[in-house]
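Right, one structure below, let's go through it.
What follows draws every value from the coordinates through simple rules; no lab data is involved. Computed from a predicted model, the values in this text were never measured in an experiment. As a convention, Cβ positions derive from the backbone with ideal geometry for all residues, glycine included, and neighbour counts pool all protein chains shown.
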Amino acid sequence: MRVTFVGSGDAFGSGGRFHTCIHVQSRRSRFLVDCGASSLIALKRMEIDRSGIETVFVTHFHGDHFGGIPYFLLDAQFFSGRTNALTIAGPEGLPSWFERVMETTFAGSSRAERAFEVRLIEIEPGTRAQINGIDVEAARVRHGEPDGPFLAYRFTVDEKVIAYTGDTEWVDDLIDIGCDSDLLIAEAYFYEKRVPLHLSFAILAEKLPLIAPKRLILTHMSDDMLGRLGRIDHETARDGLMVEV
Ligand SMILES: [Zn+2]
Ligand SMILES: [Zn+2]
């Protein structure tokens, strides 16, 4: 399967990068993980077929992960000619957050007639679900007040496991989420500064033996982290990076 980092940035455009958006193309399905405010621009720049995306998994409702949903939907409605259903899956509270983000971005858009169905699925942490042929497990992580919810994901698709921490400070549940995965995508916000609610490279490096992923790619990096890439002997994401898993 092919994983494309459509956006590898943080909320604040560090390094001139697009907001978080990861495109996964497997044998059976295509999906996004997160769709930040600038993700539609990035998807178009990379000429990714938007109508082929069946599912968008959302880790949390911050604008750099969720704020692109209205643009994605209105583009599907008016420009990309979508007729196939779109599933948006995310934390508890998704239906009300969906309405809020749509109405804030384009008043009236949450109830507009569309040529395609939008299915909203709330994912319960600690359970396992099958969504459009993707086996997904989620864990609740810690990333702010009010308490999200904020999720990390573990996807099994084409007999491979891709895990993504989302935004979070270290929580032990990340061990189960990333354990023995074929690809772990992990936030590395700061290089060594330990701050609440985000992962730094230093703490991730310390915990990495417990997770033991087969491959690690760091993302969602601040200017502090981007300035030290030369010192890091792990793979790091950049916008447009494509990897085969
Ligand atoms: Zn973020
Ligand atoms: Zn966030």
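Structure values in brief
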item: Cα gyration tensor shape of region 12-152, rounded if a/c is under 1.5, else prolate or oblate by comparing a/b with b/c; result: rounded
item: Rounded to 5, the percent of DSSP beta bridges in region 2-244 classed as antiparallel; result: 55 percent
item: For Leu216, distant residues with modelled amide H under 5 Å away; result: Leu184, Glu235
item: Charge dipole (debye, nearest 20) of the chain; +1 at Cβ of Lys and Arg, -1 at Cβ of Asp and Glu; result: 600 debye
item: Net +/- balance of residues flanking Asp64 in space, Cβ distance below 13 Å, scoring K and R +1, D and E -1; result: -3
item: For Gly36, residues with placed amide H under 5 Å, excluding near neighbours; result: Thr20, Gly68
item: Unit charges at the beta carbon, dipole of region 2-244: most positive-side option, Gly230, Leu43, Leu197; result: Leu43
item: Among Ala89, Ala202, Ala112: highest mean-square fluctuation, GNM of the chain, C-alpha pairs under 10 Å; result: Ala112
item: Contact order normalised by residue count of the chain, Cα under 8 Å, 6+ apart, percent; result: 18 percent
item: Local net charge near Gly36, Cβ-Cβ under 12 Å (Lys/Arg +1, Asp/Glu -1); result: -4
item: Theoretical ellipticity at 222 nm over the chain - DSSP helices of four or more residues, -39500 (n - 2.57) apiece, nearest 500; result: -6000 deg cm²/dmol
item: q = 0.07, 0.11, 0.16, 0.17 Å⁻¹: log10 I(q)/I(0) that the Debye formula gives for the chain, counting C-alpha atoms only; result: -0.20, -0.51, -1.14, -1.31
item: Listed peptides 51-57, 143-149 by packing density, highest first (mean Cβ within 10 Å); result: 51-57, 143-149
item: Placed amide H near Asp135: partners under 5 Å, 5+ positions off or other chain; result: Thr156
item: Between 0 and 90°, nearest 10: helix 201-211 axis offset from the chain longest Cα axis; result: 90 degrees
item: The chain: angle of helix 94-105 to the longest principal axis, Cα-based, in degrees nearest 10; result: 70 degrees
item: Gyration tensor (alpha-carbon) shape descriptor, region 35-93, a/c threshold 1.5; result: oblate
item: Of Lys160/Lys207; Lys44/Lys207; Lys44/Lys160, pairs whose Cα-Cα distance is over 29 Å; result: Lys44/Lys207
item: Overall form of region 99-155 per C-alpha gyration tensor (a/c, 1.5; a/b vs b/c); result: oblate
item: Local electrostatic count, Ser8, Cβ distance below 10 Å [Lys/Arg +1, Asp/Glu -1]; result: 0
item: In sequence order, calculated HN-Hα J values of region 173-185 (Karplus, 6.51, -1.76, 1.60; Hz; x Gly/Pro); result: 4, 5, 5, 5, 5, x, 3, 6, 6, 6, 8, 10, 9
item: Between region 139-167 and region 17-61, the alpha-carbon center distance in angstrom; result: 16 Å
